[in-house]
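See below for the structure under consideration.
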Amino acid sequence: MAASSRSLAFWQRVAPRVPFCARERTRTCASVSRLQSSPLSGIHSRSTPIANAVLVKTQCRYKSSSVGSTSSAPVETEDNVLRVGRVKIPNIWLRDNCQCSTCFHADTKQRLHDTFQIPHNLRIRSSESDGKTTAIEWSDGHRSRYDHSVLRQAAAPFKERAIIRQGLAEEPVYWGSEIASSPPKVPHDAPNAMRKILENIRNYGFTYITNVPFHSPTPTEEILTSIAGFLRLTHYGGFYVFTSDLASADTAYTNIALEAHTDTTYFSEPAGLQAFHLLSHTDGEGGASLLVDGFKCALDLKSQDPEAYRILSEVNVHAHASGNKGISIQPFRGFPVFSHDPATGQLLQVRWNSSDRAGIELPIAETPKWYAAARKYNALLKKKRNEYWEQLTPGNILLFDNWRVLHGRSAFTGKRTICGAYVSRDDWVSRWKIERWGDEAAGRAIAAS
């Protein structure tokens, strides 16, 4: 089975879906999805079963005219209409996505024409197909040629169109404490190391980068910077080296235990990747790192209590960063604990940080229903079977997806020196898309996605 087909098949089977808030008055689709209880295939056969699931009625903002995959559908033009299988491709879309040198800049990959100067009553004057492309002469005299693979992708269902756009995992593995027996690792100097590192991130949500020099923070900074070419700057700086000295007013700069959480919920766009590298730990002990697969726990919650899952997917929560003098950061709006793709229903992000939580976007009298739902998710996060504990060691960078994997630590004594950084989500996914599909395929998918 082709890679894109495997990815699509997986998401059709297990992608979390959620009803959108009734206030948005979305159109209900008469579709339902069932999460499978069979184990998921994973790299090196490391996989875990998802809890038995229930049928959940789904709402979609958009109704696709596509029926099934269009990967091999015929492309035909007749009576002023180009069709891919049974899907009609509108003339305005075709003309707006013409890839000729007049309409599209080959180097910048940007549109050059004025979309709204295209005649609204544009017609196909003539067309010719060679089996792989279709050439069209338009009623305004313009000539275009369209690759059939691009047209098929444009006509495909939303989930198929999202594979490259979002850089979706082909073999995602949802894990618990059993991952400790064989966690994903990549030597920093291995052949094609970056692709393997990002593949682990996409499939598992985390990876170790091993054999990293630790005589100074510099090698770590160089490796992390190489992911996207730069690091994300925050009020903590870019690349950070810290100890438990409260140099910044945040509990990370203490030696106390930290519950599982995601970082930077107080930003409109939380950090995408986060990294820790323990450079040294002297005169003390403790400080084991905790990882929890937030997506796996979300799937468990959806299976056990769909209503709690719905509440955490619809009710917005506000967050803040206010500990440092002169800083009062809050997102431009509240966000739910679980964020989904409006087109596909796929779970994209978990935001979970009780320490930084501010208001709950409900009338005060209705907030208990959010607390009740959050309590159930919190209980799943704290189940021993979902907790992966590991003592960080010098020479091994822990890199994880802050939109999926929660992290914490146990209390410690002595002095620890840790370095690390954030990488923005869009930047690391961009690098993964190029590593996985290449520039050409990623570029071809833009119009269709």
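Odds and ends about this structure:
- Which listed residue, of TYR309, TYR377, TYR371, is among the aromatic types (Phe, Trp, Tyr) and more than 29 Å from ASN203 (Cβ to Cβ): TYR371
- Single match in GLY323, GLY395 (criterion: out of contact with any Asp or Glu (no Cβ under 9 Å at 6 or more places or on another chain) and outside any helix (DSSP H, G or I)): GLY395
- Being out of contact with any Ser or Thr (no Cβ under 9 Å at 6 or more places or on another chain) and closer than 30 Å to ARG436 by Cα is a condition met by no residue of the stretch 153-171.
- Criterion applied to THR367, THR413, THR393 was being modelled with pLDDT under 95, assigned by TED's automatic domain parsing to the domain that holds LEU231 and hydroxyl-bearing (Ser, Thr, Tyr), and the one residue passing it is THR413.
- Failed condition for THR108, given (1) of a type outside the set (A, V, I, L, M, F, W, C); (2) without any contact (Cβ under 8 Å) to a residue 40 or more places away in the chain; (3) more than 20 Å from ALA448 (Cα to Cα): (3)
- Looking across SER289, SER303, SER328, one residue alone is closer than 21 Å to ALA260 by Cα and assigned by TED's automatic domain parsing to the domain that holds THR207. It is SER289.
- Of all the criteria given as (1) free of Cβ contacts under 8 Å to residues at least 24 places away in the same chain; (2) touching a strand residue (DSSP E or B) at 6+ places or on another chain (Cβ under 8 Å); (3) of a type in the set (Gly, Ala, Ser), the one not satisfied by GLY326 is (2).
- Sole residue being over 30 Å from PHE158 (Cα atoms), touching a His at 6+ places or on another chain (Cβ under 8 Å) and surrounded by 16 or more Cβ atoms within 10 Å (Cβ to Cβ), chosen from GLN346, GLN330: GLN330
- Considering the stretch 100-218, the qualifying strands (runs of 3 or more DSSP E), each wholly inside and each with 1 or more residues that are assigned by TED's automatic domain parsing to the domain that holds LEU392 and buried (at least 19 other Cβ atoms within 10 Å of the Cβ), run over 185-187, 206-210.
- Residue within the stretch 292-312 that is assigned to a strand (DSSP E or B) and in contact with a helix residue (DSSP H, G or I) (Cβ under 8 Å, 6 or more places away or on another chain) present: yes
The values are calculated or read from the model by the stated rules, or taken from the named source; none is laboratory data. As the structure is a prediction and not an experimental result, all values here were calculated from the model. Reconstructed Cβ throughout: ideal geometry from the backbone, glycine too, with neighbour counts over all protein chains shown.
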